[in-house]
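Asker: Below you'll find the structure I mean.
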Amino acid sequence: MTSTDTNLFSPVILGNLELPNRFIMAPLTRTRAPGHQPNALMAEYYAQRASTGLLITECTMVTEGTSAFGDDPGIYSAEQIEGWKLTTDAVHKAGGRIFMQIWHAGRAAHPLLNDGKEAVSSSAIAIDGETHTPEGKKAYTVPRELTVDEIKSIVNDFRQGAINAKEAGFDGVEIHGANGYLIDQFLRESANQRTDEYGGSLENRSRFLTEVIEAVTDVMGSDRVGLRLSPLNSFQSMKENDPIAWTRFLSEHLNRFDLAYVHLMRADFFGLQQADVVSVAREAYKGHLMVNMGYSAEEAHQVIADGQADSVAFGTGILANPDFVERVKNGAELNQPNPDTFYTSGAEGYTDYPFMTA
């Protein structure tokens, strides 16, 4: 980037935080939490990337026994709160800001990863295909449809997760409403066949999300809460017949909550569904719009300069470059990410990516 490309590097207010730049570290599952316990290695990983405007953690379980990856972290126990304090302390000491992404996997949580615990969802519809388990690749199971009382209980799990994240020292939380996990399983019609107040119309399908937002903002304050959405992503058998109308409805609906930001994924992992959801969200949503998926630094600068978004989240670029902001600013060569180590264990491909040399 040239010296005149300043917008991506300019400060911005996000909720109650002032970010020194508009680079965001997207939530990235890394499976470095054996026993679902956050640890010192994770603290080192996040602190290395503290020059990023805002760090968002990997998806973190609010309900025990809902793992989708095996070694994904949780925030439902006192030990996990203490473990996460290692990360928040390290990031803050390095001058950074960090939100926790709070999450329930729903039907993506395989029983073999959860001591046989049955998967649950908005409706009894399984994800197509297979997932990795301790016994090798296995077909996803048919989840049990949640009762209304169980939905209320999970809302309370999100509330408690926010309380625990606050105690652990996080600057805020991001509610995971994307990528085919539980909230998305309510939001999108391919997974939600309910006929009660949580199914049918867009208003009804967004009721669970609304209740989660109300619970979490009651704990954190709305200016410390973000939300991630993926209107186009077909990952985990998700589809919405009219993603433009869906995006417009939710963007307008979310204005009432005065959130710190909405984090919009602009594309589909598999390229099956295509539409310009960013322009729709920009028009309808009045708050801070964060965008994500496949942005180069040059495109991100232009998006911000044109007022199409307020910040841009980067994934593998920051994964492989702890000093991504400095490298982009200096036009330096980037480390290339190694996909073979994305979901392994230990420091290799995690904390051993080199910093830029002087």
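The values are calculated or read from the model by the stated rules, or taken from the named source; none is laboratory data. Not measured: the values here are computed from a predicted model. Every residue, glycine among them, receives a Cβ derived from its backbone with ideal geometry; neighbour counts consider all protein chains shown.
Asker: Taking interchain pairs and intrachain pairs at least six residues apart, which have beta carbon atoms under 6 angstrom, with the first residue in segment 334-346 and more than 20 Å from Gly35 (Cβ to Cβ) and among the hydrophobic types (A, V, I, L, M, F, W, C) and the second buried (at least 16 other Cβ atoms within 10 Å of the Cβ) and at pLDDT 95 or above?
Answerer: Sorted first by the residue in segment 334-346, then by its partner, the pairs are Leu334/Asn321; Leu334/Arg327.
For (1) free of Cβ contacts under 8 Å to residues at least 24 places away in the same chain; (2) polar (S, T, N, Q); (3) assigned to a helix (DSSP H, G or I); (4) surrounded by fewer than 17 Cβ atoms within 10 Å (Cβ to Cβ), each residue gets a yes or a no:
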residue: Glu18; (1), (2), (3), (4): yes, no, no, yes
residue: Asn21; (1), (2), (3), (4): no, yes, no, no
residue: Ile24; (1), (2), (3), (4): no, no, no, no
residue: Ala43; (1), (2), (3), (4): no, no, yes, no
residue: Ala50; (1), (2), (3), (4): no, no, no, no
residue: Thr57; (1), (2), (3), (4): no, yes, no, no
residue: Thr63; (1), (2), (3), (4): no, yes, no, no
residue: Ala68; (1), (2), (3), (4): no, no, no, no
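Asker: So, restricting to helices (runs of 4 or more DSSP H) that lie completely within segment 292-358, which ones have at least 1 residues that are surrounded by 13 or more Cβ atoms within 10 Å (Cβ to Cβ) and either touching a Gly at 6+ places or on another chain (Cβ under 7 Å) or among the acidic types (Asp, Glu) (or both)?
Answerer: 297-305, 324-330
Asker: Do we have Asp89 as part of a loop (DSSP other than H, G, I, E, B) and acidic (Asp, Glu) here?
Answerer: So Asp89 fails the test.
Asker: If you go through segment 270-290, how many residues are touching a residue at least 60 places away in the same chain (Cβ under 8 Å) and among the hydrophobic types (A, V, I, L, M, F, W, C)?
Answerer: Residues in segment 270-290 being touching a residue at least 60 places away in the same chain (Cβ under 8 Å) and among the hydrophobic types (A, V, I, L, M, F, W, C): 1 in total.
Asker: Tell me yes or no: at least one residue of segment 29-39 is on the phi > 0 side of the Ramachandran plot, part of a helix (DSSP H, G or I), touching a helix residue (DSSP H, G or I) at 6+ places or on another chain (Cβ under 9 Å) and buried (at least 20 other Cβ atoms within 10 Å of the Cβ).
Answerer: yes
Asker: In addition: Do we find that Ala281 is under 21 Å from Ile98 (Cβ atoms) and within 19 Å of the chain's Cα centre (by Cα) in this structure?
Answerer: So Ala281 does not fit the description; no.
Asker: Now, a different point. In contact with a helix residue (DSSP H, G or I) (Cβ under 8 Å, 6 or more places away or on another chain), under 30 Å from Ile318 (Cβ atoms), buried (at least 18 other Cβ atoms within 10 Å of the Cβ) and acidic (Asp, Glu): is that true of Glu211 in this structure?
Answerer: Criteria not met by Glu211.
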